[in-house]
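Novice: Before anything else, here's the structure in question.
The values are calculated or read from the model by the stated rules, or taken from the named source; none is laboratory data. Predicted model, so just to flag it, every value in this text is computed and none were measured. So basically every Cβ, Gly included, is an ideal-geometry build from the backbone, and we count neighbours across all protein chains shown. To get the accessible areas, we keep the full protein, side chains included, count just its heavy atoms, and leave off ligands, DNA and RNA. Shrake-Rupley method; radii C 1.70, N 1.55, O 1.52, S 1.80 Å.
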Amino acid sequence: MCAKKEPVKGLKPLDGAECGKVVMRFAPNPNGPPTLGSTRGIVVNSEYVKMYEGKLIIRFDDTDPQTKRPMLEAYDWYLDDCKWLGVVPDQVVIASDRIPLYYKYARQLIEQNNAYVCFCTSEDFKHLKDAKEPCPHRNTSPEANLIQWDKMLSGEYEAKDAVLRLKTDIRHKDPAIRDYGIFRIIKESHPRPEVNDRYIVWPLLDFEGAIEDHELGTTHIIRGKDLMDSEKRQMYIYKYLGWEYPKTLHWGRVKMHGFGKFSTSTLRRAIEEGEYSGWDDPRLPTLRAMRRRGIQPQAIRKFMIEMGVGETDMSISMDTLYAENRKMVDPIANRYFFVWDPVELTIADVEACTARPPKHPTGDKGHRSIDVAGRVLICMDDMKQLKTGSHIRLKDLYNVEITSVAPLRAKYIGDEVTDLKKERMKIIHWAPVDGIPVKVLSPDGEFKGMGEKMIATELDKIVQFERFGFCRIDSVSSEIVAYFTHR
RNA sequence: GCUCCGGUAGUGUAGUCCGGCCAAUCAUUCCGGCCUUUCGAGCCGAAGACUCGGGUUCGAAUCCCGACCGGAGCACCA
C-alpha cells in the first residue's frame, strides 16, 4: 500500500523512510490533558506511520516529579483521546518505569569517562560555562565518579548538591551544548504508585529521550523547534554509545486565534480556583473540550494534516477547523428551534395546530412535531425589529401581523409561503411556550432559553439550532444542556 | 551576551533542496450575485502574497550576502 501511495495532502514524504520499517513516537508529559497543540503530534505521527505501515509508540516522558509533575489521570486521558482520534498505538512506554535502563547507560558513560558528577552550584557552573571554562569536577577520574554516582543513587547527597553531566565540548560555540546535565536529584515522590519514592535520581529530558529513541528503534522524530538543540546535545550520547541518530523534523510554535496563552500549569490553577468548570470547559483548547462541543475527530485530523510540518511559527484561526467540521456535521445534524432571551407572542384568530418542520432541509430525515395554541416564544432580538403592522413568517408555521408591541400581540394572516415571497416577509424561528428549557454553554458564555421538546431525543448528537448554530446535546433532563460547536 | 531557526494573500498551505513550465497552488476568510420557509448548507464570481536591499545569472519566491522582523535555546522543565 505505501509503495505507490500518494503522499497525504499536506504531509511530505519522510526522508529515508522505508515501507514497513518506520518507527515513530509521540512523547508527551502527562501533566495535563491533550490540547490542540499536542494533537498535532498525535495526528501527524500516526498519519506518517499509517502512510509507511510503520509502528507508533506513545511514550510518557514523566521523569520530573517536581516542576512538571505528572497528573495520574492524564495518562489515561492521552490514551483515551488518541482512541477518539482513531489512533491506536502499537506500544505504550512509561519512562518512569524504565529508570534502571537509564542508570545502566549512565554508568557506562561514566566508565567511559564521558560523564562526571558535578558539585558546582548552577550559578557557578553557568559562569564557568559561559566563559568556556571547565569546572573543577570535570577531571575527576571515572573510578571516583563511579563512587560519587553511587552516593547520588543511595541518597547521600541532597537535591541540588550534585548532578551528573555529560562531557561534550566545553568550548563549543553554542553555549547550549556545553556539558549539559543529564541526571539530577529529586527527593520528592512520583505520583504513580508503582514508582512512588523508589528513585531519587532522575534523568533529564535530553538523556531520557536519547536513550529511549534508540532503545525503541525510533527511525524518525518530529519535535518542536524549541527542541532543535536536542539533536546537537543528544548526538554526543549517540556518538559515545556508537548509535545512529534518527532522522529529525521540526515544527514551529502554534497559537490558536481566539484562545489566549495557556500553559498547563496556569490552566490547572485556574481550574482549581473554579474559573473554569474543568478540563473540558468549552472555553478551553483541550481535546476534551473539543470533543464535548461536538468537533468531529476527522475534522481535527484533516485540519492538523493540512497544516503540515513547517518550521514557521503560525497562529491559526479556529474558523478553519470549524469550517472543516461544519462540512462533516451539516449533512447529519437535525434542525431544531431554540429561542434565546425569549419573549412571548400572543396570536389571535388562530386555532391550535401542530407544526411539522423537517428535521433536515435536504436529507429525508422525517419531521418534528410541535403543538401550538396561539402563543409562541420568539427571540428578544427579533422582537426589537418589530413594529405594529409588521408581517412576519413564523418558520414552518404560519404568517402573522403584529398588532401591538407593548404587550406583544399578533394576529394570524395565513399559511401561504408564497405570500412571504411577494411581501419579502422576514422569517423567524420560534419555540412553544411549553417546550423544554435549554442552556447552551459556549466559548463566549451561556445562552438560556426555550427549545422544542424533541431536542430531548438527540442526547449526545450534534444538532443545529436554526439561526443560532451547531451544538452537541450534552445532557437531557428537565432541562437540556448543550455545548456550542460553532455557527 | 552567545547560539540556532524561520519570514509566500487576513489566516494556513503548495512551490524553495535539484533556478526557467510560478504574471505563483489549494483551503479558509472577506466582498458581490444566485438559490433556499435558518443569519446554515449549496452554486457562481471577485479580491488578496513571494519582508526589504544588494549580488550571481540570459533568467531568482527559489542560490549568495546584508538588513529588518518574528520565534527558540543557553534549567538540577518537558
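Novice: Can you tell me, using C-alpha contacts under 8 Å and at least 6 residues apart, the relative contact order of the stretch A:334-486 as a whole percent?
Specialist: 25 percent
Novice: Starting from the Cα of residue A:215, step 7 Å toward the Cβ, then list every residue of the stretch A:189-204 with an amide N under 14 Å from that point.
Specialist: Within reach of a label on residue A:215, which here means backbone N under 14 Å from a point 7 Å along Cα→Cβ, the stretch A:189-204 contributes A:202-204.
Novice: Mind jotting down the distance between the C-alpha centroids of the stretch A:21-77 and the stretch A:97-176, whole Å?
Specialist: Between the Cα centres of the stretch A:97-176 and the stretch A:21-77 lies a distance of 29 Å.
Novice: Express in nm, to one decimal, how much length is gained between residue A:15 and residue A:277 on full extension, taking 0.36 nm for each residue of separation and deducting their alpha carbon distance.
Specialist: Result for the pair: 89.9 nm of gain on full extension.
Novice: How about residue A:255: which lysines have a C-alpha closer than 17 Å to its C-alpha, ignoring those fewer than 8 places off in the same chain?
Specialist: Correct list for residue A:255: A:225.
Novice: Please identify which residues in the stretch A:164-190 have an amide N closer than 20 Å to a label point set 7 Å out from the Cα of residue A:235, following the Cα→Cβ vector.
Specialist: Label zone hits: A:166-182.
Novice: Only Cα pairs under 8 Å and at least 6 apart count here; give the relative contact order of chain A as a rounded whole percent.
Specialist: Taking the mean separation of contacting Cα pairs over the length of chain A, I get 12 percent.
Novice: Further, regarding this structure: Given points 7 Å out from each Cα along the Cα-Cβ axis, report the residue A:103 to residue A:446 separation in nanometres with one decimal.
Specialist: Taking the two extended label points, one gets 5.3 nm.
Novice: Related question: Using 7 Å Cα-to-Cβ label points, what is the residue A:73/residue A:476 separation (nm, one decimal)?
Specialist: Simple spin-label model gives 2.7 nm for this pair.
Novice: Out of the DSSP beta bridges found with both residues in chain A, what percent are antiparallel (nearest 5)? Kindly include the intermediate steps, with their values, before the conclusion.
Specialist: On the way: 50 of 80 bridges.
Here the antiparallel bridges make up roughly 60 percent for chain A.
Novice: Could you work out how far apart the two model spin labels at residue A:126 and residue A:354 are, taking each label as a point 7 Å from the Cα in the direction of the beta carbon, and quote it in nm?
Specialist: So the two model labels end up 7.6 nm from each other.
Novice: Tell me the volume per residue, in Å³, of the convex hull enclosing the alpha carbons of chain A.
Specialist: Taking only Cα atoms, chain A has a hull volume of 183 Å³ per residue.
Novice: Which percent of the accessible heavy-atom area of chain A goes to carbon and sulfur, probe 1.4 angstrom?
Specialist: 49 percent
Novice: Per DSSP H run of n ≥ 4, the term is -39500 (n - 2.57); total these for chain A, divide by its residue number, and report the mean residue ellipticity at 222 nm rounded to 500 deg cm²/dmol.
Specialist: Helix-only estimate at 222 nm: -8500 deg cm²/dmol.
Novice: Could you give the length gained by full extension between residue A:259 and residue A:172, i.e. 0.36 nm per residue of separation minus their alpha carbon distance, to one decimal place? Kindly include the intermediate steps, with their values, before the conclusion.
Specialist: Numbers: separation 87, 0.36 × 87 = 31.32 nm, distance 3.97 nm.
Gain on extension, residue A:259 to residue A:172, equals 27.4 nm.
Novice: Going Cα to Cα from residue A:461, which lysines come in below 25 Å? Please leave out same-chain ones fewer than 8 positions away.
Specialist: A:83, A:302, A:327, A:359, A:365, A:395, A:439, A:448, A:453
Novice: Using the crude model of +1 on Lys and Arg Cβ and -1 on Asp and Glu Cβ, and no other charge, please compute the dipole size for chain A relative to its Cα centre, in debye to 20.
Specialist: Using Cβ point charges on Lys, Arg, Asp and Glu, chain A gives about 1100 debye.
Novice: Among A:298, A:271, A:336, whose Cα lies farthest out toward the positive end of the dipole of the stretch A:263-359, if unit charges sit on the beta carbon of Lys, Arg (+1) and Asp, Glu (-1)?
Specialist: Most positive-ward Cα: A:298.
Novice: Identify the GluC sites (Glu not before Pro) of the stretch A:351-442 meeting these criteria: DSSP loop state and at most 12 other C-beta atoms within 10 Å of the C-beta.
Specialist: Taking the stretch A:351-442 and a limit of 12 other Cβ atoms within 10 Å, the loop GluC sites (Glu not before Pro) found are A:351, A:416.
Novice: Where only protein heavy atoms count, and the probe is 1.4 Å, what is the accessible area per residue for chain A in Å²?
Specialist: Numbers: 22700 Å² over 487 residues.
Normalised by residue count, the accessible surface of chain A is 47 Å².
Novice: Loop-only check: which trypsin sites (Lys or Arg not before Pro) in the stretch A:239-271 are DSSP coil with at most 10 other Cβ within 10 angstrom?
Specialist: Passing both the DSSP loop test and the Cβ count: A:261.
Novice: What shape does the stretch A:24-103 take by its C-alpha gyration tensor, where a ≥ b ≥ c are the square roots of the eigenvalues and a/c under 1.5 counts as rounded, a/b above b/c as prolate, and the rest as oblate?
Specialist: oblate
Novice: Report ³J(HN,Hα) in whole Hz for each residue of the stretch A:196-206, in order, from the Karplus equation J = 6.51 cos²θ - 1.76 cosθ + 1.60 where θ = phi - 60°; Gly and Pro get x.
Specialist: Running phi through 6.51 cos²θ - 1.76 cosθ + 1.60 with θ = phi - 60° gives 6, 9, 5, 10, 10, 10, 10, x, 8, 3, 4 Hz.
Novice: I'd like the FRET efficiency for residue A:343 and residue A:319, computed as 1/(1 + (r/R0)^6) with the beta carbon distance as r and R0 of 30 Å, rounded to 0.05.
Specialist: 0.40
Novice: Let me ask something additional. Residue farthest toward the positive end of the dipole of the stretch A:99-202, with Cβ of Lys/Arg at +1 and Asp/Glu at -1: which of A:146, A:109, A:200?
Specialist: Projecting each Cα onto the dipole axis, the largest value belongs to A:109.
Novice: Sticking with this structure for a sec: Roughly how many debye, to the nearest 20, is the charge dipole of the stretch A:99-202 about its Cα centre, given +1 on each Lys and Arg Cβ, -1 on each Asp and Glu Cβ, and no other charges? Working shown, then result.
Specialist: Working: 17 positive and 16 negative charges, 63 e Å.
It works out to roughly 300 debye.
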